[in-house]
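The values are calculated or read from the model by the stated rules, or taken from the named source; none is laboratory data. In this text the structure is predicted, and so the values were computed from the model without any measurement. Positions of Cβ are backbone-derived with ideal geometry, glycine not excepted, and every protein chain shown enters the neighbour counts.
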Amino acid sequence: MTEFISKLSLYLQYPFVRYALIVGVLIALCSSLLGVTLVLKRYSFIGDGLSHVAFGAMAIAAVLNLTNNMPLVLAVTVVCAVLLLRTGENAKIKGDAAIAMISVGALAIGYLLMNVFSKSSNLSGDVCTTLFGSTSILTLGKTEVVLCCALSALVIIVFMFFYNKIFCVTFDETFARASGVKAGLYNLIIAVVTAVIIVLAMNLVGSLLISALVIFPALSAMRVFKSFRSVTVCSAVLSVFCALSGMLISIMAGTPVGSTVVAVDIAAFAVFSLISLIKRGIAK
Amino acid sequence: MSVLSCRDVCLGYDGKTIISDLNFETDQGDYLCIAGENGSGKSTLIKAILGLIPLSSGKITTGDGVKRNEIGYLPQQTSIQRDFPASVWEIVLSGCQGGAGMRPFYSKAEKQTAEENIEKTGISAFKKRCYRELSGGQQQRVLLARALCAARKMVLLDEPVSALDPIATAEMYGLIEKLNKEDKITVIMVSHDIAAAVKYADKILHLGKTVFFGSKDEYVKSGVSFGFLPGGEVK
Ligand SMILES: Nc1ncnc2c1ncn2[C@@H]1O[C@H](COP(=O)(O)OP(=O)(O)OP(=O)(O)O)[C@@H](O)[C@H]1O
Ligand SMILES: [Mg+2]
């Protein structure tokens, strides 16, 4: 145990480890906040879809030789998120199909662009890094950390400010519209915030594993809790806990960050499922 | 001055007309009942009044100070998902959202309104319970309580008693009548229960092959109600 602590304090002396922990926790918190809404709106896969869009945008940025690809990626992702979540009652292509379309399309086009135009010899390595985010969280600089903190703070404030409206629109959009709630506006806000979180989260776990961050804490919380508020609070706490312990384990054991965090999330889901089974057993 | 008026309204889906050239109006404090066979467009009309679906032509106007966010709505069918984690309290309170505007949290008065409507609809016992674990009739009452929270001037009810037992049905009619008579809220209700409609409503709109709009006495005399009333006439 003392060995563990001394090893940990040794690692914590490195600024990049501290940065990684801060950014990881913030992203886990943000993605779990919206996770509940997204899962309930049947947009579980939006994380996956949008991250592929972001990947496509990165490919374009690479082709255009942009040094700072963040603005372009963010803009493209936000536009796609708005298009996806705008749908509502009259949509001809519903949630899952629309996401699948955009996701597969963006991935294919992104890869195609990189393949045709990229000057880098290590193409598959590049693609792998964008998709799995293998090491990027450990290479964050100070500006990126500050940017991430600011955006997360913004996301959290927006979420708290619009919490009741998000509930209203998620629970029953038709009623919300009928009773004069500006459902379109709030859907737009949800879409923009979602896009921001996903672009952020790509730094932590890479595109392929973002969905896990969005889905697992929400689903785990929904196993046990029955009201929207308790589910939201529980999934936020759970997500932060899993991210923190996952990252510590990965630093100690030298495992890949993203996959370790997700593995911890899966373990938490198993535990919560067990709790709900036991609870139901007692109720009987 | 009427609170709601429909002028030459045509409605339909994907170019197919369902209601054509409909005219009617309701005054503040009216109790209007909409009747008609299945598929005659009653729910469609309600949705059009709420602005949820576009009109093919014509005009629906609300007047006399009734704003869009002062209308409560009880849908016939909801798109609410089976697995949504939400407590009864959260759902009823969300009915106040339309009146809250940009304010992020609910005011004391709004919580009070929600509390009163929970009381009125007799669901106090499961205020803390999870919505998805309630029976169909209990869920119906929760949604009614939510509609009442939004209904400061007018309420649109699409078959409010379809999932209720006889006692709850009688209670529901009593509740709606009280709302109409005491709180002076305009009630527009879709119902297949013509006997109750004739008993409680002031005006009746009958959709279908023959369209009728008028007071309930005219309705009973007109014969449009034939087949909808026991023995074709009022007892
Ligand atoms: N979303 C839709 N798209 C296309 N057609 C629709 C749609 N909803 C309803 N319709 C059609 O519009 C007509 C009127 O439907 P509506 O739901 O208004 O009937 P209703 O009078 O409420 O019937 P009920 O008594 O069964 O509730 C029906 O013929 C139906 O087939
Ligand atoms: Mg109907």
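Selection within region B:55-94: residues that are more than 17 Å from the chain's Cα centre (by Cα) and among the basic types (Lys, Arg). The member of this set that is nearest to residue B:43 (Cα to Cα) is B:59. One residue stands out in region B:2-23 among those that are hydrophobic (A, V, I, L, M, F, W, C) and within 19 Å of residue B:67 (Cα to Cα): the one that is farthest from ligand 2 (Cβ to nearest atom), namely B:3. Return yes or no: is residue B:65 out of contact with any Asp or Glu (no Cβ under 8 Å at 6 or more places or on another chain) and more than 11 Å from ligand 2 (Cβ to nearest atom)? Yes; evaluated as a whole, the condition is true for this residue.
Among the residues of region A:95-104, at least one is modelled with pLDDT of 80 or more, touching a helix residue (DSSP H, G or I) at 6+ places or on another chain (Cβ under 9 Å) and farther than 21 Å from residue A:34 by Cβ. Would you check which residues across region B:61-97 are outside any loop (DSSP other than H, G, I, E, B) and of a type in the set (Ser, Thr, Tyr) and list them? Selection gives B:61, B:62, B:73, B:87, B:94.
Which members of region B:33-57 meet the condition of being more than 8 Å from ligand 1 (Cβ to nearest atom) and more than 14 Å from every other protein chain (Cβ to nearest Cβ)? B:33, B:34, B:35, B:55, B:56, B:57 - these are the residues of region B:33-57 that are more than 8 Å from ligand 1 (Cβ to nearest atom) and more than 14 Å from every other protein chain (Cβ to nearest Cβ). Return yes or no: is residue B:111 at positive phi, away from ligand 2 (no atom under 16 Å from the Cβ) and surrounded by fewer than 18 Cβ atoms within 10 Å (Cβ to Cβ)? It is false that residue B:111 is at positive phi, away from ligand 2 (no atom under 16 Å from the Cβ) and surrounded by fewer than 18 Cβ atoms within 10 Å (Cβ to Cβ).
Across region B:114-130, a minimum of one residue is classified as closer than 23 Å to residue B:68 by Cβ and within 14 Å of another protein chain (Cβ to nearest Cβ).
Selection of region B:1-32 for residues being within 13 Å of ligand 1 (Cβ to nearest atom) and under 28 Å from residue B:181 (Cα atoms) yields only B:22.
Of all residues in region B:74-86, none satisfies being more than 16 Å from ligand 2 (Cβ to nearest atom) and farther than 26 Å from residue A:230 by Cβ.
Among the residues in region B:125-136, are any part of a loop (DSSP other than H, G, I, E, B) and touching a strand residue (DSSP E or B) at 6+ places or on another chain (Cβ under 7 Å)? Yes; the residues of region B:125-136 include at least one that is part of a loop (DSSP other than H, G, I, E, B) and touching a strand residue (DSSP E or B) at 6+ places or on another chain (Cβ under 7 Å). Scanning region A:15-44 for residues that are among the hydroxyl-bearing types (Ser, Thr, Tyr) and within 19 Å of residue A:230 (Cβ to Cβ), we see that the one that is surrounded by the most Cβ atoms within 10 Å (Cβ to Cβ) is A:31. Those residues that are basic (Lys, Arg) and either without any contact (Cβ under 8 Å) to a residue 40 or more places away in the chain or under 30 Å from residue B:86 (Cβ atoms) (or both), I need them from region A:1-38; list them, please. Matches in region A:1-38: A:18 only. For residue B:72, which of the numbered conditions (1) within 13 Å of another protein chain (Cβ to nearest Cβ); (2) within 13 Å of ligand 1 (Cβ to nearest atom); (3) modelled with pLDDT of 85 or more fails to hold? The failed condition is (2). Checking every residue in region B:32-40 against the condition of being within 16 Å of ligand 2 (Cβ to nearest atom), under 14 Å from residue B:208 (Cα atoms) and of a type in the set (D, E, K, R) gives at least one match.
Within region B:16-29, restricting attention to residues that are surrounded by 19 or more Cβ atoms within 10 Å (Cβ to Cβ) and out of contact with any Phe, Trp or Tyr (no Cβ under 6 Å at 6 or more places or on another chain), which residue is nearest to residue B:197 (Cα to Cα)?
Ranking the candidates gives B:26 first.
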